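The values are calculated or read from the model by the stated rules, or taken from the named source; none is laboratory data. Bear in mind that the values here come from a model prediction, so they are computed numbers and not experimental data. Positions of Cβ are generated from backbone atoms using ideal geometry, with glycine treated the same way; all protein chains shown enter the neighbour counts.
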Amino acid sequence: MLNGVGTNISMAYTSNYNKKSTGDKMDIEFEIGNSEQNSINKCGERQSELTEIYMNMLSENNSSLYNKLVNNKNEVEQVAPDKEIPNDKLKNIGMTSFGLSDTESQIVLASYVKTSKEDDPVVQVAYGHGDNRKVYHVHVNDVDTSNASDLEMFAFMSYEGYKGRTAPDSINNYSAYKTMKADAGYGMASTDENSFVNKKVNADYLLEQIYDSLKKRETEQEAKSFDVCEYLLQMIKNR
């Protein structure tokens, strides 16, 4: 063989053969096999080391993706209405709405699941009645705010408010976030169910852009909006 790998194998063959010229063909092939296996083992060990380094970095910088890879679960799970958590195990923590038509809107409720674990808090987001009932369970710690739907951000920000972290001069965190979205040209409210549940937005980038645009704080309103935006950014970064 003319490549580097082939040359190394040939050298191993010659060396082993000269050292043990009385050995039969099986002995020599076994020794060559050991040489190849050692190289494979070293590659495997190096790959394991790199994987460990990557996962450690991921756990520090993108906990939502890390949890998804490690725990193999999605941040949002749609559940059948008959699997809905009973009211006595829920704590109502938020309310919002999305459009149904020009004159109608759908009320949406966020409820903290009191039986969920502290290291994996779950918020139930539900709306509608009867056959139109929709229920989602959102694993708050797994929400990726750089690629999140309004449903996910509603659950996440409602939970943050429940834990006592609320943006200044705001009704609630999600209301403040919707105002920031409107300022960025995304529209204040979801126009329909599909945009509320499925349309993803990079909330990190959106808030950072607004934050940069308001740094001069030329008016009293801009100063207030800057403080709200700064608070929401810190909430996301320090959760």
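Since HIS139 meets every condition but one in (1) surrounded by 22 or more Cβ atoms within 10 Å (Cβ to Cβ); (2) in contact with a helix residue (DSSP H, G or I) (Cβ under 6 Å, 6 or more places away or on another chain), which condition does it not meet?
So HIS139 meets the others, but not (2).
Quick check, is GLN209 at pLDDT 90 or above and in a helix (DSSP H, G or I)?
Judged against the criteria, GLN209 is a match.
Kindly provide the set of residues from region 153-173 that are assigned to a helix (DSSP H, G or I) and either in contact with a strand residue (DSSP E or B) (Cβ under 6 Å, 6 or more places away or on another chain) or among the aliphatic types (A, V, I, L, M) (or both), ordered by number. Outline the logic, then answer.
At the first step, the residues of region 153-173 found to be assigned to a helix (DSSP H, G or I) are 153-162, 173.
Listed by number, the residues that qualify are MET153, PHE154, ALA155, MET157, SER158, TYR159, TYR162.
Kindly indicate whether ILE210 is surrounded by 15 or more Cβ atoms within 10 Å (Cβ to Cβ) and within 13 Å of MET153 (Cα to Cα).
Values: surrounded by 15 or more Cβ atoms within 10 Å (Cβ to Cβ): yes; within 13 Å of MET153 (Cα to Cα): no.
So ILE210 fails the test.
Just give me the residues in region 130-152 being closer than 25 Å to PRO86 by Cβ and not in a strand (DSSP E or B), in sequence order. Explain how you work it out, then say what you get.
Looking only at region 130-152, we keep the residues that are closer than 25 Å to PRO86 by Cβ, and these are 130-143, 151-152.
Matches in region 130-152: GLY130, ASP131, ASN132, ARG133, VAL140, ASN141, ASP142, VAL143, LEU151, GLU152.
I want to confirm something. Restricting to region 79-129 and keeping residues that are β-branched (Val, Ile, Thr) and part of a loop (DSSP other than H, G, I, E, B), which single residue is nearest to HIS139 (Cα to Cα)? Break it down stepwise before answering.
Start the filter on region 79-129 by keeping residues that are β-branched (Val, Ile, Thr), which leaves 79, 85, 93, 96, 103, 107-108, 113, 115, 122-123, 125.
Pick out the ones that are also part of a loop (DSSP other than H, G, I, E, B) and you get 85, 103, 115.
Values: ILE85: 14, THR103: 33, THR115: 13 Å.
Among residues in region 79-129 that are β-branched (Val, Ile, Thr) and part of a loop (DSSP other than H, G, I, E, B), the one nearest to HIS139 (Cα to Cα) is THR115.
Conditions tested, residue by residue: (1) in the same structural domain as ALA110 (by TED's automatic domain parsing); (2) within 16 Å of ASN147 (Cα to Cα); (3) in contact with an Asp or Glu (Cβ under 8 Å, 6 or more places away or on another chain).
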position: TYR162; (1), (2), (3): yes, no, no
position: ASP169; (1), (2), (3): yes, no, yes
position: TYR177; (1), (2), (3): yes, yes, no
position: ASP192; (1), (2), (3): yes, no, no
position: SER195; (1), (2), (3): yes, yes, yes
position: TYR205; (1), (2), (3): yes, yes, no
position: THR219; (1), (2), (3): yes, no, no
position: PHE226; (1), (2), (3): yes, no, no
position: TYR231; (1), (2), (3): yes, no, no
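Can you tell me which residue within region 80-97, out of those that are out of contact with any Phe, Trp or Tyr (no Cβ under 7 Å at 6 or more places or on another chain), under 15 Å from THR115 (Cβ atoms) and among the charged types (D, E, K, R), is surrounded by the fewest Cβ atoms within 10 Å (Cβ to Cβ)?
The qualifying residue surrounded by the fewest Cβ atoms within 10 Å (Cβ to Cβ) is ASP88.
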